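Enquirer: There's a structure below that I have some questions on.
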Amino acid sequence: TNYWADLVFSAQPPGPDTIPPSVVSTTPANGASGVLAGANVTARFSEPMAPSTVTGAAVELRDASSQLVAASVAWDAATSSAVLHPTSALAYTAAYTATVKGGSSGVTDIAGNPLAGDVTWTFTTQALPPPPPINDHGNSVSADIITAPTAIAAIPPNSAPPIIVRKWCRTNPAP
């Protein structure tokens, strides 16, 4: 059996990487609502980025009044993502805008190619969760300790079959 192959040999190495990176996905997604107030914000890139350029100056989160949200920013090489972690929980039912800056002052890939332009997306956080229900003692139910049911057998007179009563015991921890 004969095999044919067309080989091309070149004395010159391939040219430099001149293709700019792009953002391929964001979390939360653009326009998302009901986002958890404790969620991180991420931007996933098309290629590995220069970690030294993935900073709080290049990746930011702003609230509806354009105030910068205090956060740390890190590069996650395993997922090719910039991860913005707010230092405190975001406000409930609030709009936020995330931005990854491009151009000469923004993020770059490992070859030094900058993101072509800023990438911006918005999302809204979840509504304030309802308070926990209150028990008979004025404490939230979440503060109660509920134990397993206890079976109590009562033997009626005249050799009738026993009656089984199940009783739940709820105790409140000391304040």
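Enquirer: Around Ile19, with a cut-off of 12 angstrom between Cβ atoms, what is the net charge of the other residues, counting Lys and Arg +1 and Asp and Glu -1?
Expert: The answer is -3.
Enquirer: If we count every other residue with Cβ under 10 angstrom of Leu115's Cβ, Lys/Arg +1 and Asp/Glu -1, where does the sum land?
Expert: Around Leu115, the surrounding residues sum to -1.
Enquirer: For Tyr92 and Ala116, what is the calculated FRET efficiency with R₀ set at 22 Å and r taken between the beta-carbons, to the nearest 0.05?
Expert: The value I calculate is 0.05.
Enquirer: Any chance you could run the full-extension gain for Ser25 through Leu68? It's 0.36 nm times the residue separation minus the Cα-Cα distance, nm to one decimal.
Expert: 13.3 nm
Enquirer: Let me ask something else about it. What is the calculated FRET efficiency for Ala5 to Ala50, with r their C-beta to C-beta distance and R₀ = 41 Å, to the nearest 0.05?
Expert: 0.60
Enquirer: Something else: Obtain the nm distance between the two label points defined at Ile134 and Ser105 by a simple spin-label model: each point lies 7 Å from its Cα along the Cα-to-C-beta direction.
Expert: A separation of 5.3 nm, rounded to one decimal place.
Enquirer: I would also like to ask the following. What nm distance separates the two modelled labels at Thr18 and Ala32, each placed 7 Å from Cα along Cα→Cβ?
Expert: For the pair Thr18/Ala32, the computed spacing is 3.7 nm.
None of the figures in this text is laboratory data; all of them are computed from the coordinates on show. Please read all numbers here as calculations on a predicted model, not as lab measurements. Counting neighbours? That spans all protein chains shown, and the Cβs are built from the backbone with ideal geometry, glycine included.
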